[in-house]
Amino acid sequence: MSDKNKTASAADGFAFTRSNYMWLIAGLGILVMGYILMSGGKSEDPKVFSEAIFNFRRITLAPIVVLTGYGTIFYAFMKGR
């Protein structure tokens, strides 16, 4: 990156560029999707245990998606200009 671009970017007063914000929005979307995947599985009767909470989507897939979302957000913060 040239000195002119660094000076212009610093003069704007913004710490992030458009690319950083796009990564941040994508990470937040992935995070929301992961939490939606994690939801559900409750029992209709509180006295009866439901095995639905132990399926692949809630135990394996959703935590992987949530961690991917947090990783994407971390990348957005650490990404250079």
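The values are calculated or read from the model by the stated rules, or taken from the named source; none is laboratory data. It should be emphasised that the depicted structure is a prediction, and the values quoted were computed from it without experimental measurement. Note that each Cβ is placed from the backbone with ideal geometry, even for glycine, and that neighbours are counted across all protein chains shown.
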Over segment 31-79, the set of residues closer than 23 Å to residue 15 by Cα and among the β-branched types (Val, Ile, Thr) is 72, 73
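Does any residue of segment 56-74 turn out to be of a type outside the set (A, V, I, L, M) and closer than 17 Å to residue 16 by Cβ? Talk me through it step by step, then tell me what you get.
Taking segment 56-74 first, the residues of a type outside the set (A, V, I, L, M) are 56-58, 60, 63, 68-72, 74.
Now restrict to residues that are closer than 17 Å to residue 16 by Cβ: 72, 74.
Within segment 56-74 (the criterion being of a type outside the set (A, V, I, L, M) and closer than 17 Å to residue 16 by Cβ), the answer is yes, since at least one residue qualifies.
If I filter segment 31-64 down to residues being assigned to a loop (DSSP other than H, G, I, E, B) and basic (Lys, Arg), which single residue comes out as surrounded by the fewest Cβ atoms within 10 Å (Cβ to Cβ)?
Pass one, segment 31-64, residues assigned to a loop (DSSP other than H, G, I, E, B): 39-50, 55.
From what's left, basic (Lys, Arg): 42, 47.
Working: 42: 9, 47: 5.
Among them, the one singled out is 47.
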Of those in segment 42-81 that are more than 30 Å from residue 24 (Cα to Cα) and among the small types (Gly, Ala, Ser), the residue modelled with the lowest pLDDT is 43
Note: among 24, 28, 67, just one is surrounded by 15 or more Cβ atoms within 10 Å (Cβ to Cβ) and of a type in the set (A, V, I, L, M, F, W, C), namely 24
